[in-house]
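Visitor: Encoded as structure tokens, here's the structure I'll be asking about.
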Amino acid sequence: METRIGFGWDSHAFKAGIPLRIGGMTLEHPEGLVGHSDGDVLLHAVTDALLGAVAAGDIGSFFPPGDPRWKDANSAIFLKLAMEELQHAGFRIVNVDTTLIMNAPKIAPIAGDMRSSVADLLGIEMDQVSIKAKTPEGLGLDHVAQCHAVVLVERTAESDDLKSMSAVIESQRQLEDVVDDLLASVHGLPKKRTIDPVYDTEDIT
Ligand code: MG
């Protein structure tokens, strides 16, 4: 089974009087994280980790910060797109591990709820999601939240089946080529080398 890893990182500054959104939840706190979207630092890091695992770019390439469509957007939208990219590439999540770095509020008491929230958004089980938190000691970053995220993904069985099916088709084509070459050399027959079109392009409207 093919596995791959992805890494994501993000940071946002705190500002008084705006909602604090982390892990798809709204937390009780006098300050929130400033961003073009809802500033959900954890979902942004996980989104980048998912995109990174399948080398599909990063959050900014899909959702440019200057685009008015994503002003105050719920970051679950970004995560959903990353999941679609992951599935399109033929992979699914094995597990996600994250570390938040921020002074307040304390995450440990609500880490369970947050893991459940992120697992729901990703369509996986809570035991596949880890959320840890540390304070930014010695970094002088008291008014900033950062998040690091890693994700392990594996190729889906369906995707493996498709790969082996196309390998069988390819080996059959190679065998036909060898037979054609032999017939051509022994009997002086012209090589066939016809390729059947997958579909009739005339039918596309
Ligand atoms: Mg961000």
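The values are calculated or read from the model by the stated rules, or taken from the named source; none is laboratory data. The model shown is predicted, which means the values in this text are computed figures rather than measured ones. Here Cβ is always computed from backbone atoms with ideal geometry, including for glycine, and neighbour counts include all displayed protein chains. Note: accessible area is taken over every heavy atom of the protein model, side chains too, but ligands, DNA and RNA are not part of it. Shrake-Rupley method; radii C 1.70, N 1.55, O 1.52, S 1.80 Å.
Visitor: Name every residue in region 59-76 that is modelled with pLDDT of 95 or more and not polar (S, T, N, Q), in order of residue number. So that I can check it myself, show each step before the final result.
Guide: Residues of region 59-76 that are modelled with pLDDT of 95 or more, as a first pass: 75-76.
A76, the sole residue that qualifies.
Visitor: Taking region 1-12, which residues are within 13 Å of the ligand (Cβ to nearest atom) and open to solvent by 50 Å² or more (accessible area, probe 1.4 Å)?
Guide: Answer for region 1-12, where residues must be within 13 Å of the ligand (Cβ to nearest atom) and open to solvent by 50 Å² or more (accessible area, probe 1.4 Å): just W9.
Visitor: Here's something else I'd like to know. Taking the options A55, A16, name whichever one is closer than 18 Å to A149 by Cα, aliphatic (A, V, I, L, M), open to solvent by 40 Å² or more (accessible area, probe 1.4 Å) and more than 15 Å from the ligand (Cβ to nearest atom).
Guide: So the residue among A55, A16 that is closer than 18 Å to A149 by Cα, aliphatic (A, V, I, L, M), open to solvent by 40 Å² or more (accessible area, probe 1.4 Å) and more than 15 Å from the ligand (Cβ to nearest atom) is A55.
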